[in-house]
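First the structure, in the form of structure tokens, and then the observations on it.
The values are calculated or read from the model by the stated rules, or taken from the named source; none is laboratory data. Note that the structure is a prediction, hence the values are computed from the model and not measured. Don't worry about glycine lacking a Cβ; one is built from the backbone with ideal geometry, like all the others, and counts go over all protein chains shown.
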Amino acid sequence: MTEPLHISDDVVKKIPGLVVIAGVLELGAIQTQLISGYLMSSWNKLGNALREHGGHKAHPHIQQWREALRGAGVPLKKCPPSIEAIAKRTTKNDSPFSINPAVDTYNAISMDLVLPFGAYDLDQLDGSLCLRVCEQPEPFTPIGGGKPEETVAEEIVYADDADILTRHFLWRQADKGKITDRSKRFVFVCELIASMGEDVVRGAKSLIEEQFSSLLGGTLSSMVILR
């Protein structure tokens with residue numbers, strides 16, 4: 001894989017100023033206790049920040065994403081961005097939810113940065129990862145093997161060469177590509193808006209590199225900032 005992600009021109013037109021940090025991580029020595037501690041600290045940090053700003057929709061990063069997605073035609077009431085969904089949970093629960101060490105790590109990074117973050121098991125993908133716009137309805141199987149769905153025309157999706165992997169850009173992930181305890185390497189994406197500032201972009205890249213290395217013992221490759 002030369003580049004971890006391709007972004008279509010149609011997506012750039014729908015989301016002006018889109019920035020995506022993408023790369024591939026091969027898992028190494030996983031530091032389970034450190035991950036648990038980081039997950040809790042990020043959960044508390046986000047919860048405190050939301051209380052200071054007045055709610056889960058009031059944080060500047062979440063507001064910027066809601067504005068961008070609304071402009072792209074995403075139905076926010078039904079399909080909020082992943083970081084908003086996580087943020088809402090921090091206001092209702094004292095303790096974070098846990099899935100597995102790899103997912104817990106990137107969820108903690110997402111909360112630390114207050115930015116969307118996703119990942120796909122590279123060994124489950126067919127061909128290349130692409131962020132594109134659906135020209136017509138396409139089949140989708142949600143994570144956990146729920147009832148099959150269809151996308152809608154003009155919907156922004158992550159997809160490989162065979163299947164839809166995430167609906168409405170930052171909303172629901174497919175069962176295909178999900179990170180499990182058996183995953184050895186994955187392609188990850190962290191999405192930003194250019195108006196958040198170059199310091200936020202650089203800081204996010206640096207934090208991702210640091211935490212993936214220290215918590216997952218990971219070897220990073222093909223890490224890029226796509227604009």
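List of remarks:
- Candidates are the residues of the range 70-88 that are β-branched (Val, Ile, Thr) and closer than 25 Å to Asn44 by Cα; the one that is surrounded by the most Cβ atoms within 10 Å (Cβ to Cβ) is Ile83.
- Where a residue in the range 129-149 is touching a residue at least 24 places away in the same chain (Cβ under 8 Å) and outside any loop (DSSP other than H, G, I, E, B) and its partner, wherever it lies, is surrounded by 12 or more Cβ atoms within 10 Å (Cβ to Cβ) and of a type in the set (S, T, N, Q), with Cβ under 7 Å and at least six apart: Cys130/Ser8; Leu131/Ser8; Arg132/Ser8; Val133/Ser8; Phe140/Thr151
- Test set (1) farther than 27 Å from Ala68 by Cα; (2) touching a residue at least 12 places away in the same chain (Cβ under 8 Å); (3) not in a loop (DSSP other than H, G, I, E, B) - Ser195 fails condition number: (1)
- Within the range 196-227, the set of residues being basic (Lys, Arg) and at pLDDT 95 or above comprises Arg202, Lys205.
- Residue match in the range 22-35 (condition: in a helix (DSSP H, G or I), in contact with a Ser or Thr (Cβ under 9 Å, 6 or more places away or on another chain) and surrounded by 19 or more Cβ atoms within 10 Å (Cβ to Cβ)): yes
- In the range 70-91, the residues that are touching a strand residue (DSSP E or B) at 6+ places or on another chain (Cβ under 9 Å) and either without any contact (Cβ under 8 Å) to a residue 40 or more places away in the chain or not in a loop (DSSP other than H, G, I, E, B) (or both): Ser82, Ile83
- Scanning the range 90-101 for any residue that is under 18 Å from Val201 (Cβ atoms) and buried (at least 18 other Cβ atoms within 10 Å of the Cβ) turns up nothing.
- Candidates are the residues of the range 175-227 that are out of contact with any strand residue (DSSP E or B) (no Cβ under 9 Å at 6 or more places or on another chain) and on the phi > 0 side of the Ramachandran plot; the one that is surrounded by the most Cβ atoms within 10 Å (Cβ to Cβ) is Gly217.
- None of Ser213, Ser222, Ser183 is within 25 Å of Leu18 (Cα to Cα) and among the polar types (S, T, N, Q) except Ser222.
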